[in-house]
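**Q** The structure under discussion is supplied below as structure tokens; questions concerning it will follow.
The values are calculated or read from the model by the stated rules, or taken from the named source; none is laboratory data. Everything numeric in this text was worked out from a predicted model, so none of it was measured. Methodologically, a virtual Cβ is constructed for each residue, glycine included, from the backbone with ideal geometry; neighbour enumeration extends over all protein chains shown.
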Amino acid sequence: MKIAIVGAGSIGTLLAALLSKLKEEVWLIAKTDEESKKINADGISVEGVSGSWQAKVKASSDPKDAQECGLVIVCVKAYDTKGAAKAVRQMVGEEGFALTLQNGMGNIELLQDVVGQEKVIGGITNMGAALIAPGRVRHAGKGDVVIGRLDGKVPVVMRAIRERFTRAGIETRVSKEIKGSLWAKLLINAGINPLTAITRLNNGSLVEIKEVRELMRQAVSEGARVAKRKRIKLAYDDPLAKVEAVCEATASNVSSMLQDVLAKRRTEIEYINGFIVRQGQELGIPVPVNTVLLDLVKTIEASYDVIVK
């Protein structure tokens, strides 16, 4: 199976390295020629919980170089999904599929609009990763991958994806209730990402400091109330316990949102806590902590170039 990963960020780069173990054709689609040339020349360097090792993949900034793929994995930021969807459509072969392993909500629907409903598979990953430089990634925490379709169908290709991911060392399972997994991951992100971005703490510190742990508890509880009202069956009976477990499992990880803030990049806050806020407003459910977290992170973004005198 020819595989392409769109998005050479932390998770995309780590996935490309892991999937290279399959000895199948693996492409990593980067934003710039400079990034792709470096990856082609030097390969991918991985360090962290899976050890220190090198991987060789094909890289390009032009989706046309990786056409007729059996699987295209989308790992771009949520705000780039709409722009990436056209490239994904070019790359997916007639018998191929697109799999989104992104943060935030709404990515599946955006891809379906362009690629086709039958060709899009949703998914989440709890792996922790941090991009040190183009082609150099820290594997900060092991975690599973869950894949599924919104309609609950389980086409043969999903079992093929699970088999390949498992051979590559990525624990993977297929779910008929992927919406519950997506919401569970949303709550994990809502509890961890903005608080790390605001406090500049790593994941593990969130459960060590009681004040920030309480804020995390409230943010997750608000999101869980929204999910309950929408009759979403979450993948975990105790979402707060799961969030705390993820913090501990990825203790040294610098969250993706904190990575964005440190690099003065746009964050995915609107697609995580912002999504919970909008859903809460529609349902008449107060979500004050998520609202404050949303506003604070947006303030940080707006103040990147402000110089304090």
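**Q** Go through the residues of segment 32-55 one by one and say whether even a single one is in contact with a strand residue (DSSP E or B) (Cβ under 6 Å, 6 or more places away or on another chain), in a helix (DSSP H, G or I) and crowded, with 21+ Cβ neighbours inside 10 Å.
**A** The answer is yes, given that some residue of segment 32-55 is in contact with a strand residue (DSSP E or B) (Cβ under 6 Å, 6 or more places away or on another chain), in a helix (DSSP H, G or I) and crowded, with 21+ Cβ neighbours inside 10 Å.
**Q** Hey, could you check segment 117-132 for residues that are at pLDDT below 95, over 11 Å from Leu14 (Cβ atoms) and not charged (D, E, K, R) and say which is nearest to the chain's Cα centre (by Cα)?
**A** In the first step, residues of segment 117-132 are kept if they are at pLDDT below 95; the result is 117-118, 125-132.
Those left that are additionally over 11 Å from Leu14 (Cβ atoms): 117-118, 126, 132.
Adding the requirement that they be not charged (D, E, K, R) leaves 117, 126, 132.
Values: Gln117: 21, Asn126: 8, Ile132: 17 Å.
Step by step, filter segment 117-132, then rank; the result is Asn126.
**Q** State whether one or more residues within segment 264-286 are in contact with a Pro (Cβ under 8 Å, 6 or more places away or on another chain), at negative phi and either without any contact (Cβ under 8 Å) to a residue 40 or more places away in the chain or small (Gly, Ala, Ser) (or both).
**A** Yes, segment 264-286 contains at least one residue that is in contact with a Pro (Cβ under 8 Å, 6 or more places away or on another chain), at negative phi and either without any contact (Cβ under 8 Å) to a residue 40 or more places away in the chain or small (Gly, Ala, Ser) (or both).
**Q** Follow-up. So which residues in segment 69-88 are more than 13 Å from Gly104 (Cβ to Cβ), modelled with pLDDT of 95 or more and not small (Gly, Ala, Ser), if there are any at all?
**A** If the condition is that a residue be more than 13 Å from Gly104 (Cβ to Cβ), modelled with pLDDT of 95 or more and not small (Gly, Ala, Ser), then Cys69, Leu71, Val72, Ile73, Val88 are the ones that fit.
**Q** Is it the case that Leu18 is under 16 Å from Ala168 (Cα atoms) and crowded, with 24+ Cβ neighbours inside 10 Å?
**A** Criteria not met by Leu18.
**Q** Among the residues of segment 199-214, is there at least one that is acidic (Asp, Glu), buried (at least 21 other Cβ atoms within 10 Å of the Cβ), in the same structural domain as Glu270 (by TED's automatic domain parsing) and at pLDDT 95 or above? Break it down into steps so the answer makes sense when it comes.
**A** Here is the first cut: in segment 199-214, the ones acidic (Asp, Glu) are 208, 211, 214.
Subsequent filtering for residues that are buried (at least 21 other Cβ atoms within 10 Å of the Cβ) retains none.
No, that holds for no residue.
**Q** Being under 19 Å from the mean Cα position of the chain (by Cα) and within 12 Å of Pro134 (Cβ to Cβ): is that true of Thr32 here? Working first, answer last.
**A** On the way: under 19 Å from the mean Cα position of the chain (by Cα): no; within 12 Å of Pro134 (Cβ to Cβ): yes.
Here the answer is no, as Thr32 does not meet what is asked.
**Q** Considering only residues of segment 293-308 that are in contact with a helix residue (DSSP H, G or I) (Cβ under 9 Å, 6 or more places away or on another chain) and of a type in the set (A, V, I, L, M, F, W, C), which is surrounded by the most Cβ atoms within 10 Å (Cβ to Cβ)? So that I can check it myself, show each step before the final result.
**A** First, the residues of segment 293-308 that are in contact with a helix residue (DSSP H, G or I) (Cβ under 9 Å, 6 or more places away or on another chain): 293-294, 296-298, 300-301, 304.
Going one step further and asking which of them are of a type in the set (A, V, I, L, M, F, W, C), we end up with 293-294, 296-297, 300.
Working: Leu293: 29, Leu294: 22, Leu296: 16, Val297: 25, Ile300: 18.
The extreme case among them is Leu293.
**Q** Considering segment 120-133 alone, what residues qualify as being of a type outside the set (Gly, Ala, Ser) and surrounded by fewer than 22 Cβ atoms within 10 Å (Cβ to Cβ)?
**A** Within segment 120-133, Asn126, Leu131, Ile132 qualify.
**Q** If a residue has to be aliphatic (A, V, I, L, M) and closer than 14 Å to Val92 by Cβ to count, how many in segment 56-73 make the cut?
**A** The total comes to 4.
**Q** May I ask you to list the residues in segment 152-206 that are hydrophobic (A, V, I, L, M, F, W, C), over 19 Å from the mean Cα position of the chain (by Cα) and within 29 Å of Val26 (Cβ to Cβ)? Give the steps one after another, and end with the answer.
**A** Narrowing segment 152-206 to residues hydrophobic (A, V, I, L, M, F, W, C): 154, 156-158, 160-161, 165, 168, 170, 174, 178, 182-184, 186-188, 190, 192, 195, 197-198, 201, 206.
Filter again for over 19 Å from the mean Cα position of the chain (by Cα), leaving 154, 156-157, 160, 198, 201, 206.
Those that are hydrophobic (A, V, I, L, M, F, W, C), over 19 Å from the mean Cα position of the chain (by Cα) and within 29 Å of Val26 (Cβ to Cβ): Val154, Val156, Val157, Ala160.
**Q** Return the residue satisfying two criteria in turn: it lies in segment 100-127 and is touching a helix residue (DSSP H, G or I) at 6+ places or on another chain (Cβ under 7 Å) and part of a strand (DSSP E or B), and of such residues it is farthest from Ala249 (Cα to Cα).
**A** Val120
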